[in-house]
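The values are calculated or read from the model by the stated rules, or taken from the named source; none is laboratory data. Just so it is clear, the model here is predicted, and its values are computed rather than measured. For neighbour counting, all protein chains shown are included, and Cβ atoms are generated from backbone atoms with ideal geometry for every residue, glycine included. Accessible surface is based on the protein model in full, side chains and every heavy atom, while ligands, DNA and RNA are left aside. Shrake-Rupley method; radii C 1.70, N 1.55, O 1.52, S 1.80 Å.
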Amino acid sequence: NVLVVKVNNTQPSSRWYSGSGIYRNVHLTVTEPIHVARYGTFVTTPDLEAAYAKGKANVNIETKVDNASGETATVKVKSTIYDADGQAVATVESEEKTVEHGKETLFEDDTVIDDPVLWDIDNPYRYKLVSEVIVGEDIIDTYETKFDVRYFEFDADEGFSLNGKYMKLHGVSMHHDLGALGAATNARAVERQMEIMKDMGVNAIRVTHNPASPELLEAANNLGLLVVEEAFDSWNQ
């Protein structure tokens with residue numbers, strides 16, 4: 001088997017020089033025929049402000065499961081939430097569903113985290129969701145999703161608030177390149193950039209002209225930095 005990844009370096013691609021080549025990581029993901037779809041989980045905490053006042057966080061979990069097995073299967077999904085210390089704090093198991101070959105099936109479940117720790121810029125606390133796809137008695141796929149618990153608001157008079165506390169956004173614009181290292185993403189180099197920004201008093205990053213790399217988002221989430229993410233700054237009609 002030959003796997004080829006090519007660059008379509010179409011010009012003009014931007015109003016600024018963005019580099020050329022493969023400058024984001026490329027991953028080959030191998031799964032069982034029945035598996036959680038790529039980016040197949042979506043975790044939200046509905047009505048968090050009201051729930052947090054009562055000492056809990058309601059968690060809604062959506063999980064998309066793909067079936068490429070060639071036949072219909074009976075599937076259920078078990079979702080377990082772990083805190084930053086690796087302790088299970090909530091779990092829920094879906095009802096079984098019939099998942100047809102070649103189709104994507106949505107599982108939706110709700111659970112509760114008691115005494116949740118909120119993410120903020122001074123305490124970037126994160127949880128981990130582990131989704132297990134179960135056929136019969138066998139766990140055939142495991143998928144991890146990091147997330148955090150926070151709520152925010154933009155008010156026309158008061159501005160921005162995070163977890164009920166008003167704050168100013170002290171931000172910088174960051175292009176996707178790494179200075180003298182070039183355009184290729186390097187996780188530690190990105191993290192170092194974010195650490196420098198944090199040390200100089202920055203609490204928000206605007207990723208300039210392109211979506212952020214996963215490495216930048218991961219660093220920002222871990223360090224306590226808010227992110228204003230752009231899509232692109234030029235297009236053809």
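Structure summary
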| quantity | calculated |
| --- | --- |
| Out-of-range pairs (alpha-carbon distance over 27 Å; input Lys54/Lys198; Lys56/Lys165; Lys54/Lys165; Lys128/Lys165) | Lys54/Lys198 |
| Distant-in-sequence amide H partners of Phe160 (H built 1.01 Å from N, under 5 Å) | Asp155, Met167 |
| For the chain, built as a Gaussian network whose Cα springs stay under 10 Å, the top-fluctuating residue of Asp115, Asp177, Asp199 | Asp199 |
| Sites Asp83 and Arg206, calculated FRET efficiency, Cβ-Cβ separation with R0 30 Å, nearest 0.05 | 0.45 |
| Assigned charges on the beta-carbon of Lys, Arg, Asp, Glu; segment 114-237 dipole about Cα centre (debye) | 540 |
| Förster-model FRET efficiency, 22 Å R0, Phe160 and Asn123, C-beta, rounded to 0.05 | 0.75 |
| Dimensions (Å) - segment 176-237, Cα atoms, principal axes, largest first | 42, 24, 18 |
| Over segment 1-121, equivalent-ellipsoid semi-axes from the Cα gyration tensor in Å | 35, 26, 13 |
| Of all accessible heavy-atom area on segment 1-122, the percent that carbon and sulfur account for (1.4 Å) | 45 |
| Mean Cα-pair separation over length for the chain, i.e. relative contact order, pairs under 8 Å, 6 or more apart, % | 16 |
| Square roots of 5 times each gyration tensor eigenvalue, C-alpha, the chain, largest first, Å | 33, 28, 16 |
| FRET efficiency for Thr31 and Leu3, using Cβ-Cβ distance with R0 set to 22 Å, rounded to 0.05 | 0.85 |
| Relative contact order of segment 136-237, defined on C-alpha pairs under 8 angstrom at six or more residues apart (%) | 21 |
| Rounded accessible area per residue of the chain, 1.4 Å, Å² | 62 |
| Low-density loop cleavage sites - trypsin sites (Lys or Arg not before Pro) in segment 19-101, where at most 10 other Cβ are within 10 Å (DSSP) | Lys54 |
